[in-house]
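> Just dropping this structure here.
The values are calculated or read from the model by the stated rules, or taken from the named source; none is laboratory data. Please read all numbers here as calculations on a predicted model, not as lab measurements. Positions of Cβ are backbone-derived with ideal geometry, glycine not excepted, and every protein chain shown enters the neighbour counts. The protein model used for the area step is the full one, side chains on, heavy atoms only, and it has no ligands, DNA or RNA in it. Shrake-Rupley method; radii C 1.70, N 1.55, O 1.52, S 1.80 Å.
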Amino acid sequence: MSYLDELNPEQRKAVEHIKGPVMVIAGAGSGKTRVLTYRIAHMIRSGVDSFSILSLTFTNKAAKEMKERISKIVGPSESRNIWMGTFHSVFARILRSEAQLLGYPSNFTIYDTDDSKSLIKRIIKEKNLDDKIYKPNIVLNRISSAKNNLISAANYKNNPTIHKEDVQSKKPELAYIYEQYEKRCFKAGAMDFDDLLFKTNVLFRDHPQALLNYQNKFKYILVDEYQDTNYSQYLILKKLAARFENICVVGDDAQSIYSFRGANIQNILNFKKEYPDVRTFKLEQNYRSTQNIVNAANSLIRKNQEQIKKNVWTSNDSGEKIRIIKTLSDNEEGYEVASDIIYRLNEEKRPNSDFAVLYRTNSQSRSIEEALRKRDIAYRIYGGLSFYQRKEIKDLLAYYRLAINPKDEEALKRVINYPKRGIGNTTLDKILLAAGQSDKSVWDVIGDLNGSGLKLSSAVQNKIFSFHDMISTYNQMVDSTNAYELASRIASSSGVLKELYADKTVEGVSRYENIQELLSAIKEFSENDVIEEGVDLPEGGEDRTLSNYMKDIALLTDADKDKKDTNVVSLMTIHASKGLEFPYVYVVGMEENLFPSQLSVNSRTELEEERRLFYVAITRAEIKATLSWANTRYRWGNLTYCEQSRFIEEIDAEFLEEPVSSKKESTASEGFSFSGGLSNPSSRFESSTPAKKPAARKINKPTFKPSKLVTDADFKPDDSNLIAAGQTVMHQRFGKGNVEELTGVGENKKALINFQNAGQKQLLLRFAKLQILEN
DNA sequence: AGTATCGTCGTTTTT
DNA sequence: CGACGATACT
């Protein structure tokens with residue numbers, strides 16, 4: 001068993017100890033992922049049924065990668081059976097199949113944060129509450145933390161302690177808002193993010209048989225990043241594992257950085273109490289970073305009180321000390337960071353992808369971005385607005401959501417008058433109010449205007465009627481129509497495509513392209529057996545419905561997209577960098593009130609979380625960590641003066657370079673970047689194309705390549721009946737390829753095609769558009 | 001009903 | 001600064 005030989009003794013013990021509760025405390029860079037993957041592979045090799053393994057990861061991308069690695073050891077036929085994904089996606093899947101037990105439709109909508117906020121605003125408005133006091137953000141946080149602690153709306157209402165708190169904070173109506181919010185989500189057939197965990201708990205609490213089924217199914221449970229689980233997640237695990245207690249949690253208390261979203265570090269600190277016969281393994285050897293980086297990080301984290309004792313060490317070189325850059329302004333900070341990157345690019349022949357710039361808040365990306373752009377350094381921002389959060393995408397997705405679940409109130413609100421069809425705010429208000437004050441959903445109300453007693457002009461009534469009719473038509477097609485067919489039909493017949501096509505401004509064109517991109521993604525989903533986002537589909541085309549495409553969309557984030565496959569400098573928040581590593585890491589904005597955040601400096605626990613966050617930032621670096629801070633910085637339009645972050649002094653001075661002032665530095669770096677014919681250093685690396693224009697394009701694109709499928713005129717697909725083995729064919733996205741063989745009959749006829757550049761693909765001929773080049 | 005303009009308010013971090 | 005909502009006007 002060669003794979004076991006790749007492990008150090010402690011890693012190997014963690015891999016081989018399969019039965020019973022296990023806790024793996026994995027220091028930064030200690031080969032945690034390797035242990036997890038090998039452990040699962042080892043379990044399967046040792047005879048554990050792959051169907052009985054549940055593995056929870058922090059991102060869907062991590063799950064996908066882990067599955068691929070496991071597949072290399074035990075083969076895809078085994079690895080595909082493992083349930084692997086984030087808490088949210090795994091339990092969303094379970095909730096969909098058990099939905100009727102909870103009175104939900106199985107095609108329930110998942111409300112994202114915007115949807116939740118919008119609904120809360122609505123409730124506040126309808127109740128005539130002061131939105132200066134009841135701020136949607138704060139209200140949502142309160143509801144969210146209630147749910148994460150398994151306090152239902154009814155519990156909330158009846159709890160005297162909570163009521164007292166709300167009265168004290170001058171928000172006595174929070175219980176009412178929570179109750180309404182719950183009600184309206186239910187009526188709309190919608191769950192928010194927290195519901196996916198909350199309702200799973202309800203399911204397991206109220207339906208013992210369902211719990212028993214899943215207990216028996218998931219005999220082996222593994223949890224990554226356990227330090228970032230909340231109470232709701234903890235309880236799900238506790239219940240699921242109660243029968244067999246084969247639960248293995250992996251984490252690092254020093255890297256717990258999500259308490260703002262309810263993560264409870266006590267889960268990992270108390271795991272021993274929960275399972276007294278737990279076996280604990282500590283992975284303390286760091287394989288990632290230099291001694292200087294490891295020791296600097298150790299010296300910092302030592303300042304925290306609460307932690308599991310461990311001694312992270314490395315046998316790597318001592319390496320360079322941590323560099324501190326001090327500048328006069330945030331713009332200059334960007335300049336210095338860019339200069340330093342150029343210096344390393346040139347001197348050490350490093351690709352762009354070896355570099356990452358990390359920051360505390362998303363808004364800091366702007367000055368860095370500008371600086372990199374000026375120097376023609378290709379970069380990419382991760383996080384911020386994701387593809388699926390952009391307005392034009394959300395608009396179209398809202399139509400898809402409605403087609404799948406017409407009761408979806410937030411989706412309906414979004415598109416009932418987009419594009420303009422003469423149903424204005426006054427009308428919408430009336431409709432929403434009528435729905436809000438009855439047991440009817442908004443969809444029911446607009447389907448029966450008379451029965452709802454609404455006073456509307458007949459012209460308006462007709463407009464509403466035809467909207468209702470249009471959505472009904474889509475809805476009837478949902479289960480029987482292929483995703484791409486329906487999606488493109490909706491895009492055009494709803495008028496969305498036309499609306500965007502008419503806009504010839506730069507942003508408008510970009511929005512139109514984004515829509516095309518979404519349609520391409522859906523097309524790809526319709527055509528392929530396996531789609532890129534990591535969701536496996538059953539064989540055949542019958543499940544390629546729009547519902548299936550949409551079911552996880554709300555749960556996809558930027559972190560699920562490939563981060564390092566292109567040669568660009570990565571810009572992201574420290575939170576988003578969790579689990580990643582880069583040879584060169586720049587942590588910018590090392591200033592008091594920014595990092596640590598102003599909101600955290602008054603409480604010990606919050607300050608300790610900031611410190612852990614800094615620990616995470618430093619330990620991303622393999623070769624060199626650089627910290628920077630600026631004397632002045634623009635913050636919401638105003639120039640503010642800044643002091644150096646206390647965290648810099650908390651690192652033992654022996655691991656830091658002597659601080660250098662910006663004046664000296666800028667001359668030096670200018671010397672590097674503009675002398676010796678290297679003024680365009682990025683040209684020395686093939687893929688370092690200049691960064692895209694800032695405006696609408698800068699935000700991430702999905703991993704799939706943009707293609708002009710819908711509008712391209714040159715491409716003339718041949719009748720798919722003419723496709724035969726041995727032919728050379730052209731596919732718009734995959735390019736040239738050879739038809740290896742044909743399988744299946746009728747609707748399920750598939751071609752196995754070996755593409756020159758895209759590898760082997762199985763395409764359903766029913767959907768695949770292929771041009772025959774040679775017979 | 002739809003559009004233009006002005007005022008407000010806020011920022012951690014994300015599934 | 002920039003997003004969003006309220007207000008006023010067409």
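> Could you tell me which numbered condition A:VAL139 fails, if it satisfies all but one of (1) away from DNA strand C (no atom under 16 Å from the Cβ); (2) farther than 30 Å from A:LEU4 by Cα; (3) among the aliphatic types (A, V, I, L, M); (4) without any contact (Cβ under 8 Å) to a residue 60 or more places away in the chain?
With (1) away from DNA strand C (no atom under 16 Å from the Cβ); (2) farther than 30 Å from A:LEU4 by Cα; (3) among the aliphatic types (A, V, I, L, M); (4) without any contact (Cβ under 8 Å) to a residue 60 or more places away in the chain applied to A:VAL139, the lone miss is (1).
> Name the residue that is nearest to DNA strand B (Cβ to nearest atom), counting only residues in region A:23-47 that are among the β-branched types (Val, Ile, Thr) and within 26 Å of A:ILE268 (Cα to Cα).
The first filter runs over region A:23-47 and keeps only residues among the β-branched types (Val, Ile, Thr), leaving A:24-25, A:33, A:35, A:37, A:40, A:44.
Cutting the leftovers down to within 26 Å of A:ILE268 (Cα to Cα) gives us A:24-25, A:33, A:35, A:37, A:40.
On the way: A:VAL24: 22, A:ILE25: 23, A:THR33: 17, A:VAL35: 22, A:THR37: 20, A:ILE40: 21 Å.
Among them, the one singled out is A:THR33.
> Select from region A:92-106 the residues that are open to solvent by less than 60 Å² (accessible area, probe 1.4 Å), at negative phi and touching a residue at least 12 places away in the same chain (Cβ under 8 Å) and write down the one among them that is nearest to DNA strand C (Cβ to nearest atom). Walk me through it before giving the result.
From region A:92-106, those open to solvent by less than 60 Å² (accessible area, probe 1.4 Å) are A:92, A:94-96, A:98-99, A:102-105; that's our starting set.
Then keep just the ones that are at negative phi; that gives A:92, A:94-96, A:98-99, A:102, A:104-105.
Next, only the ones that are touching a residue at least 12 places away in the same chain (Cβ under 8 Å) stay: A:92, A:94-96, A:98, A:102, A:104-105.
Details: A:ALA92: 26, A:ILE94: 33, A:LEU95: 29, A:ARG96: 30, A:GLU98: 35, A:LEU102: 31, A:TYR104: 27, A:PRO105: 28 Å.
Among them, the one singled out is A:ALA92.
> Additional query: Could you give me the residue pairs with C-beta distances under 6 Å whose first residue belongs to region A:631-645 and is under 10 Å from A:ASP330 (Cβ atoms), whose second residue is near DNA strand C (Cβ under 9 Å from one of its atoms) wherever it lies, and which are 6+ apart or on separate chains?
Listed by first residue and then by second, the contacts come to nothing, as the list is empty.
> Continuing with this model, one more query. Being among the charged types (D, E, K, R) and touching a Gly at 6+ places or on another chain (Cβ under 8 Å) narrows it down to one of A:LYS19, A:LYS61, A:LYS13, A:LYS117, so name that one. Spell out the reasoning first.
Working: A:LYS19 fails: touching a Gly at 6+ places or on another chain (Cβ under 8 Å); A:LYS13 fails: touching a Gly at 6+ places or on another chain (Cβ under 8 Å); A:LYS117 fails: touching a Gly at 6+ places or on another chain (Cβ under 8 Å).
That would be A:LYS61, the only listed residue that is among the charged types (D, E, K, R) and touching a Gly at 6+ places or on another chain (Cβ under 8 Å).
> Which of the residues spanning region A:96-114 are among the charged types (D, E, K, R) and either in a loop (DSSP other than H, G, I, E, B) or touching a Pro at 6+ places or on another chain (Cβ under 7 Å) (or both)?
Filtering region A:96-114 for residues among the charged types (D, E, K, R) gives A:96, A:98, A:112, A:114.
Hit for region A:96-114 is A:ASP112, nothing else.
> Right, another one. Checking the condition of a type in the set (Phe, Trp, Tyr), closer than 18 Å to A:ILE618 by Cβ and more than 16 Å from DNA strand B (Cβ to nearest atom), which residue from A:TYR220, A:TYR275, A:TYR287 passes? So that I can check it myself, show each step before the final result.
Details: A:TYR220 fails: closer than 18 Å to A:ILE618 by Cβ; A:TYR275 fails: closer than 18 Å to A:ILE618 by Cβ.
Exactly one residue qualifies, and that residue is A:TYR287.
> Something else about it: Residues that are open to solvent by 50 Å² or more (accessible area, probe 1.4 Å) and of a type in the set (Lys, Arg): list the strands (runs of 3 or more DSSP E) wholly contained in region A:303-403 that include at least 1 such residues.
Values: elements: A:323-329, A:355-359, A:379-381.
In region A:303-403, the matching strands (runs of 3 or more DSSP E) lie at A:323-329.
> Considering only region A:120-155, state which residues are open to solvent by 30 Å² or more (accessible area, probe 1.4 Å), farther than 22 Å from A:SER259 by Cβ, in a loop (DSSP other than H, G, I, E, B) and within 14 Å of DNA strand B (Cβ to nearest atom).
Result: A:ASP130, A:ASP131, A:LYS132, A:ILE133.
> Restricting attention to region A:1-59, report how many residues are assigned to a helix (DSSP H, G or I) and in contact (Cβ under 8 Å) with a residue 12 or more places away in the chain.
Filtering region A:1-59 for residues assigned to a helix (DSSP H, G or I) gives A:2-5, A:9-16, A:32-45, A:50-52.
Keeping just the survivors that are in contact (Cβ under 8 Å) with a residue 12 or more places away in the chain gives A:3-4, A:10-11, A:13-16, A:32-45, A:50-52.
Final tally of qualifying residues: 25.
> How many of the residues in region A:156-177 are open to solvent by 90 Å² or more (accessible area, probe 1.4 Å) and at pLDDT below 90?
The number of residues fulfilling the criteria is 2.
> Let me ask something else. Take region A:277-302 and flag every residue that is crowded, with 17+ Cβ neighbours inside 10 Å and within 29 Å of A:GLU16 (Cβ to Cβ).
Scanning region A:277-302 gives A:VAL278, A:PHE281, A:LYS282, A:LEU283, A:GLN285, A:ASN286, A:ARG288, A:SER289, A:VAL294, A:ASN298.
> Just the residues that are touching a Ser or Thr at 6+ places or on another chain (Cβ under 9 Å) and either of a type in the set (Lys, Arg) or away from DNA strand B (no atom under 14 Å from the Cβ) (or both), please, taken from region A:369-391.
A:ALA371, A:ARG375, A:ASP376, A:ILE377, A:ALA378, A:TYR379, A:ARG380
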